[in-house]
Amino acid sequence: MKKFAVLTFLSALLIAVFAIAGGKYDGHFGDIDKNSDKVVVKEEFVEFFKANGDPAAAFVIIDVDKSGGIDHDEWHAFKEAHGYGHKDSNNPDEKK
Ligand SMILES: [Ca+2]
């Protein structure tokens, strides 16, 4: 139920992410979560996506419950909303 609500909310904000934050936000949660505490905080997110336009703005949008961290559910709901899914047909460098 929570996941559905998150997904719906993220879908509504899909355009906002592209408009505000610029760039591609895809990655494995475990790679972004540097200290492996199962929460991606803003510092980790910005560092991981520093090549993108405005990762701090994207972070605020993806952190749906405004807890100050992105959990695994939020991240995957975001990725699904963007059509990234778990496979990366558009990112040949990334191997599973
Ligand atoms: Ca973390």
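The values are calculated or read from the model by the stated rules, or taken from the named source; none is laboratory data. What you see is a predicted model; the values in this text were computed from it and never measured. All Cβ positions, even for glycine, are placed from backbone atoms using ideal geometry, and neighbour counts span all protein chains on display.
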When the range 33-46 is checked residue by residue, the ones that are assigned to a helix (DSSP H, G or I) and either over 13 Å from the mean Cα position of the chain (by Cα) or within 11 Å of W75 (Cβ to Cβ) (or both) are E43, F45
Does H28 meet the test of being more than 13 Å from the ligand (Cβ to nearest atom), surrounded by fewer than 17 Cβ atoms within 10 Å (Cβ to Cβ) and modelled with pLDDT under 95? yes
